[in-house]
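Working notes, structure below.
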Amino acid sequence: MKLSPVILWFRHDLRLQDNPALSAAACWWLHHSLASLDGGLRAHKSRLVLMRGDRLDALRTLVRETAAGAVYWNRRPEPVATAHDQRVAANLAADGIEVKTFGGALLFEPQAVANQAGHPFRVFTPFWRHCRALPVEAPKRWRARDLPAPARWPRSLTLDGLKLLPAVRWDAGLTRTWQPGEKGAQARLRRFTAGELDTYAEGRNRPDREGTSRLSPHLHFGEISPRQVWAAVRRQEKKSPSLPPGRAVQAFLGEIGWREFAGHLIHHFPATPREPLRAEFTWFPWRKNAAALRAWQRGCTGFPIVDAGMRQLRHTGWMHNRVRMIVASFLVKDLLIPWQEGAKWFWDTLVDADLANNTLGWQWTTGCGADAAPYFRVFNPVLQGKKFDPDGAYVRRWVPELAPLRANFIHAPWETPPEVLARAGVELGTTYPRPIVDHRLARAEALAAYEQMKQLCG
Ligand SMILES: Cc1cc2nc3c(=O)[nH]c(=O)nc-3n(C[C@H](O)[C@H](O)[C@H](O)COP(=O)(O)OP(=O)(O)OC[C@H]3O[C@@H](n4cnc5c(N)ncnc54)[C@H](O)[C@@H]3O)c2cc1C
């Protein structure tokens, strides 16, 4: 019997292991990740075929050119992806092509997780308690072997032809920081489980340290699966008696849990990338302030911890979670700029820009999402800086014009005696901006805006 070829449609699963079916900064990542995936496939006498345009048209062309009888892919939780999948699957099936889709982007299928009333969870703790009682499937091992090739390889665009790399080479910081691809992801995971995992419970809140896994872009692009991360952490836990009983592991798996929660939320509440889950926030009296938005984007707000975070983002395409919360709170509460503006900027600049996690992060900080922080919790950027960057090392790294300042001054240069500033070569308004708002007043205005919203929506 002559078997017809099967097309494997790679989406956000750019890996060969645990692959059930065997997007500015993100484009840069995508370029290198595709190169790595192609390299991996070529090592097994196969290759990646790149196409552009409508996905159904592209797959139909491939089917025609290879005489394939089947198309397999892994599902994505995002609603837009689900809608595309359904259209593609229905049309291919109507053409007589076998279609199989698989899970794997998340630990559990969103449809399979519900509260006692059969509704999706909106609060993290019961969601995660429920999930922890479910078995996590072991990663699927793919025994490396040569892959059967079609009789004739179909036409493919070249990777350079996709023009994913920036024309102006601003990507030196990215290149120094990251190794996109499955190998890079595995190396990151190994380094983390053998190192920082031990101290994750405390280290994860310190932007001045390498205390977290930095797996987020690898997870986003599916170069590694959450099941693989889960299994590796569990293995390490068993063999490492030095770990305090479960604390670090629980803390880390809890973050994988937040990723899971985000994926389930976006599946059940598909409008949330645009609209607040808590509908009353539609009435929030947001402000338009292009100059303040620009200052925030460029890391020139005059608040060192905020500026350090925004510059780390521009330089490396990544920002520490604690600082993401601080800069987000600053945008939506100190500046009263809509969270969607912040989410959009993150979307354009993060290497791990992920619709589900980004939406959850912004709605959580704003107070308008699932299990959101209470509105009155307005982060004080100076206190946050002092608490989580106590020596000022993080600010010194990303805001070098403040580097000569000692730790007790570096988080609030405007409160620093003029002679200390002069000795450090800091001239406020010239070498480093004055604060663009008075945090105490801004906080009061934010709370007043919240009261106004409550009155408006009755
Ligand atoms: C305003 C805001 C926007 C965010 N936007 C994104 C985004 O676009 N993409 C993204 O991947 N994460 C986002 N996050 C979540 C979090 O900041 C990053 O996942 C984390 O900083 C990535 O670093 P890490 O891999 O070292 O994390 P670790 O602490 O090592 O955590 C391991 C993994 O767990 C997941 N994770 C950790 N924290 C969270 C969280 N709070 N919510 C959901 N998943 C989490 C990530 O996949 C991460 O790689 C956002 C958070 C905020 C507050």
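Rank-order 134-141, 296-303 by packing density, defined as the average count of other C-beta atoms within 10 Å over each peptide's residues, highest first.
Going from most to least packed, we get 296-303, 134-141.
Round to the nearest 0.05 the FRET efficiency obtained for residue 137 and residue 407 when R0 = 51 Å and r is the Cβ-Cβ distance.
In this case the efficiency is close to 0.60.
Please report, in Å, the Rg and the Dmax of segment 63-180, where both are computed over Cα atoms only.
Answer for segment 63-180, Rg first and Dmax second: 20.4, 54 Å.
At 7 Å along Cα-to-Cβ for each site, give me the label-to-label distance between residue 373 and residue 95 in nm.
If labels sit at residue 373 and residue 95, their model points lie 4.8 nm apart.
Take the eigenvalues of the Cα gyration tensor for segment 6-107, scale each by 5, and report the square roots as semi-axes in whole Å, largest first.
21, 17, 14
Quick one: of 288/344; 100/238; 239/387; 288/386; 45/140, which pairs are farther than 24 Å apart, Cα to Cα?
Checking Cα-Cα distances, 100/238; 239/387; 288/386 exceed 24 Å.
Could you tell me the relative contact order of segment 316-381? Use alpha-carbon pairs under 8 Å, at least six residues apart, and round to a whole percent.
33 percent
Once you keep just the Cα pairs under 8 angstrom separated by 6 or more residues, what percentage relative contact order results for segment 282-416?
24 percent
For 38, 160, 391, what's the largest-to-smallest order of accessible area, 1.4 Å probe?
The residues order as 160, 391, 38, largest area first.
Based on the alpha-carbon gyration tensor of segment 279-456, what equivalent-ellipsoid semi-axes (square roots of 5 times the eigenvalues) come out, in whole Å, largest first?
Result for segment 279-456: semi-axes of 28, 18, 14 Å.
In square nanometres, what is one fourth of the surface area of the convex hull spanned by the alpha carbons of the chain?
Over all viewing directions, the chain projects a mean Cα-hull area of 25.1 nm².
Using the Cβ atoms and a cut-off under 15 Å, what net charge is assigned to the surroundings of residue 35, where Lys and Arg are +1 and Asp and Glu are -1?
0
The values are calculated or read from the model by the stated rules, or taken from the named source; none is laboratory data. Note that the structure is predicted; figures quoted are calculated from it, not measured. Here the Cβ is made from the backbone with ideal geometry for all residues, glycine too, and neighbour counts use every protein chain on show. Accessible surface is based on the protein model in full, side chains and every heavy atom, while ligands, DNA and RNA are left aside. Shrake-Rupley method; radii C 1.70, N 1.55, O 1.52, S 1.80 Å.
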